[in-house]
Each structure stands twice: as C-alpha cells, then as structure tokens.
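**Q** Below is one structure. I have some questions about it.
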Amino acid sequence: MNRAHESSKALGDMGSGFDRARGSSDRARESFDKTTGSSNKLKSGWDRLKGAGSALVQVGSSIATAMVPVAAAFMKANGEATKLADEYNVIKNLQETGGDSPRAARRNTREIQAENRRLSLRYGVDQNELARGSEQLLRRGYSGQQDLAAHKYFLQAARATNEDYNSIVNSAAPMLEQFGYKSRAGNSVRRMSKYTEMF
C-alpha cells in the first residue's frame, strides 16, 4: 500500500505540476495577448500620427501652391511701385533742370503725384502711364504747374477718343505750343487748364 500511496502522491504531485504549468502557460498567453493589444494600439496610434503628418504635408503643399500667384502678384506690384517712384524722381529732376527751384520741384512733384493718384482712381488709368505723360510734357519744356493743369484734360480726351493717354499727350502738346497757348499760360494753372480744355 505504501507503494500505491506513493504512486498516488506522485500522480497528485504531477497533477499539481501540470496545473502550475497550465497556470504559467495561461499567464504567458495573457501577457502575450496584452503585448499584442499594446502593439496593435501602438500601430494604430502610429498610423493615425502618420495620417496626420501626411495631411499636414498636403496642407503645406496646398498653401505653397496657393502662395505662388500671391508672391508673383506681390513681385509685380513691387516692381510697378519701384518704376513709379523712379518716374517721379525723373519728373522732379526734369523740373529742376527746367529752372524750378528744388523746393518748387518737390512741391510740384507731390501735387502731380496726388493728381495722378486721383485721376487713376477716377478714370482707371495706370499711374505709371500718367507719370510717363508728365515726363513727356516736362521734356517738351512745360513747367510742373502747366503739366498739372493739362493732365486732367488730356486724360479726358484719351477716354473720349479711346486712345492711349500718351498718344494724346504727344499729339495735343505740340498743338498747344503751335497756337501759343503754352507760352500765354505761363505758370498759371487756371489759364493752362482753360487752354487745354479747348482742345
């Protein structure tokens, strides 16, 4: 019986060994399942992060693409503004060369610039074009005051005939000179306006 008891005890010990092994196996499986779950969560989080990063890259690309025309427009506007500033500098220098004092030339240039801005907004003509017309008149020997007086009427004639503003300046200025209106007007804005309006 002793032997049977020992066998029975050995079988019982073996059974409890199997139970411990099964418990260890179950715990290992649970640990593995938890690790797999954590890994899946990590992968899911990583995928979401990657998707968000891709979305940000796409937004950045869209913004960059949209900014190209804005940058081009800014560069064009900057170039136009620079040309206009240069044109007004030429106008001021032509007046000084024509005999106006530097102070009078600066004052006349500011007035011409303000008038060009006003006429540009009213008639929709580019300020650079108006400034080029002023330069043409000053090169023909007109004073800053005469240019200021003639501007509006030359522009109205250009709009009425649907011709280029500078073409009107180049054709009307010689007529004013030929009929002696330029010399009769002198530096009087009112007389020059009157004579220019007649054309």
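The values are calculated or read from the model by the stated rules, or taken from the named source; none is laboratory data. Just so we're clear, the structure is a prediction, and the values are computed from it rather than from any experiment. We place every Cβ from the backbone using ideal geometry, glycine too, and count neighbours over all the protein chains shown.
**Q** Considering segment 91-105 alone, what residues qualify as being in a helix (DSSP H, G or I) and either out of contact with any helix residue (DSSP H, G or I) (no Cβ under 6 Å at 6 or more places or on another chain) or surrounded by fewer than 12 Cβ atoms within 10 Å (Cβ to Cβ) (or both)? It would help to see each step written out before you state the result.
**A** Applying the first criterion (in a helix (DSSP H, G or I)) to segment 91-105 yields 91-97, 102-105.
Hits for segment 91-105 are ASN93, THR97, PRO102, ARG103, ALA104.
**Q** Kindly provide the set of residues from segment 126-146 that are part of a helix (DSSP H, G or I) and in contact (Cβ under 8 Å) with a residue 40 or more places away in the chain, ordered by number.
**A** Residues satisfying the conditions are GLN127, ASN128, ALA131, ARG132, SER134, GLU135, LEU138, ARG139, GLY144, GLN145, GLN146.
**Q** Considering only residues of segment 67-103 that are at pLDDT 70 or above and among the small types (Gly, Ala, Ser), which is nearest to GLU115 (Cα to Cα)?
**A** Restricting to residues being at pLDDT 70 or above and among the small types (Gly, Ala, Ser), the top hit is ALA85.
**Q** What tally of residues in segment 106-128 results from selecting those that are surrounded by fewer than 17 Cβ atoms within 10 Å (Cβ to Cβ) and under 20 Å from ALA173 (Cβ atoms)?
**A** Restricting attention to segment 106-128, the residues satisfying the condition of being surrounded by fewer than 17 Cβ atoms within 10 Å (Cβ to Cβ) are 106-107, 110-111, 114, 117-118, 121-124, 126, 128.
Now drop any that are not under 20 Å from ALA173 (Cβ atoms), which leaves 111, 123, 126, 128.
So the answer is 4.
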